[in-house]
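Here is the structure we will look at, set down as structure tokens.
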Amino acid sequence: MPDSPEAAAKALRNLDTSHVSDALDRLGIGGQCLGIMPLDRTFRLAGRAFTVRYGPVGTDPGTVGDYIDDLEPDSLVVLDNAGRMDATVWGDLLTATASRRGIGGTVIDGVCRDSDRALELGYPVYSRGRWMRTGKDRVRVDGYQVPVTIGGVRVEPGDLLLGDADGVVAIPVGRAEEVIAAAEQIRDAENRIRADVEQGVPLAKARARAGYHTLQTRLSSEE
């Protein structure tokens with residue numbers, strides 16, 4: 001079992017979002033980030049969140065943020081732009097810098113731009129879409145390392161995120177151990193079912209052998 005957030009992030013790399021999503025359901029945790037998808041289906045990310053929250057520009061135009069040089073390698077940039085589709089908070093220069101510094105990827109509740117650079121560099125970006133209009137003089141940083149909302153899910157600084165072709169899930173860092181344990185149990189059961197089916201066992205029988213129908217069932221408070 002992972003004994004640190006870093007070990008938990010490493011363990012997540014051996015799981016899919018579907019495994020973790022089912023584990024979150026089993027534990028009664030809402031962590032599926034709705035509508036946040038990768039620019040490319042081959043992208044994957046796993047790591048701890050460095051959070052940035054944006055708000056609309058007021059009388060003080062503020063800044064879209066100069067934070068990227070302070071991040072640790074393998075951390076994830078998690079940007080809450082309130083789901084805005086009309087102004088981006090991530091583009092070419094941030095992608096190039098993050099890739100060079102070994103940042104693990106970027107997750108945006110909003111849009112990105114300069115998507116070709118992310119694809120060229122193989123740098124994982126997850127967002128609601130892509131559009132070219134800058135956020136400069138339209139949005140400003142409201143806070144660094146503060147709670148944010150990504151796809152309807154609250155994400156705290158240091159929480160764990162996993163992304164693959166099917167989207168992003170977020171895991172409260174304090175519950176990482178139990179979520180990963182449940183997800184690994186689900187993954188292993190599905191592997192047994194798959195092996196049985198490949199040997200000609202009917203799917204219903206293979207599922208019953210593995211206790212499949214109870215794997216996603218929410219645990220009661222007594223369990």
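Bear in mind that the values in this text are calculations on the coordinates, not laboratory data. As the structure is a prediction and not an experimental result, all values here were calculated from the model. Note that we place each Cβ from the backbone using ideal geometry, even for glycine, and neighbour counts take in every protein chain shown.
Could you list the residues of the stretch 110-133 with an amide nitrogen less than 20 Å from a label point located 7 Å from the Cα of residue 100 in the Cα-to-C-beta direction? Under cut-off, by backbone N: 113-125. Across the stretch 65-74, computed HN-Hα scalar couplings (Karplus, 6.51 cos²θ - 1.76 cosθ + 1.60, θ = phi - 60°) run x, 10, 10, 5, 6, 9, 7, 7, x, 6 Hz from first to last residue, x flagging Gly and Pro.
If you put +1 on each Lys and Arg Cβ and -1 on each Asp and Glu Cβ, how big is the dipole of the stretch 29-171 around its Cα centre, in Debye rounded to 20?
Numbers: 16 positive and 20 negative charges, 60 e Å.
Here the size comes out at about 280 debye.
Fully extended, how many nm does the chain gain between residue 154 and residue 197 (0.36 nm per residue separation, minus their Cα-Cα distance)? Spell out each step's value before the answer.
Numbers: separation 43, 0.36 × 43 = 15.48 nm, distance 3.86 nm.
Result: 11.6 nm gained on full extension.
The phi-based Karplus calculation (6.51 cos²θ - 1.76 cosθ + 1.60; θ = phi - 60°) puts the 3J(HN,Hα) values of the stretch 120-130 at 4, 8, x, 8, x, 10, 10, 7, 7, x, 9 Hz, whole numbers, x for Gly and Pro. Taking amide H positions as modeled 1.01 Å from N, with prolines and chain starts lacking one, the residues under 5 Å from residue 36 and 5 or more places away or on another chain are 168. The calculated FRET efficiency for the pair residue 116 and residue 69, based on their C-beta separation and a Förster distance of 30 Å, comes to about 0.80.
One Cα centroid belongs to the stretch 135-181, the other to the stretch 16-35; the line between them spans 13 Å. For the chain, the longest principal axis of the alpha carbon atoms and the long axis of helix 92-101 meet at an angle near 60°. Over all Cα atoms in the chain, the spread is summed up by Rg and Dmax: 18.9, 68 Å.
Could you give the size of the charge dipole of the stretch 52-122 about its Cα centre, using +1 on the Cβ of each K and R and -1 on the Cβ of each D and E, expressed in debye and rounded to the nearest 20? Don't skip to the end; give the middle numbers.
Working: 6 positive and 13 negative charges, 20 e Å.
Charge dipole of the stretch 52-122: 100 debye, to the nearest 20.
Consider a paramagnetic label point 7 Å from the Cα of residue 178 along Cα→Cβ; state which residues of the stretch 16-52 have an amide N under 17 Å from it. It comes to 20-32, nothing else.
Mind listing which trypsin sites (Lys or Arg not before Pro) in the stretch 126-223 are in a DSSP loop and have 16 or fewer other Cβ atoms within 10 Å? Taking the stretch 126-223 and a limit of 16 other Cβ atoms within 10 Å, the loop trypsin sites (Lys or Arg not before Pro) found are 133, 136, 218.
Multiplying the residue separation of residue 188 and residue 145 by 0.36 nm and subtracting their alpha-carbon distance yields 12.0 nm. What the phi angles of the stretch 200-209 give under the Karplus curve with 6.51, -1.76 and 1.60, with θ = phi - 60°, is a coupling list of x, 6, x, 4, 4, 5, 4, 4, 5, 4 Hz, glycine and proline written as x. Take every Cα pair under 8 Å whose residues are at least 6 apart in sequence, average their separation, divide by the length of the chain, and the relative contact order is 31 percent.
Based on the mean of other Cβ atoms within 10 Å per residue, sort peptides 141-152, 112-123 so the most packed one is first.
Values: 141-152: 16.9, 112-123: 18.4.
So the peptides 141-152, 112-123, ranked by packing, come out 112-123, 141-152.
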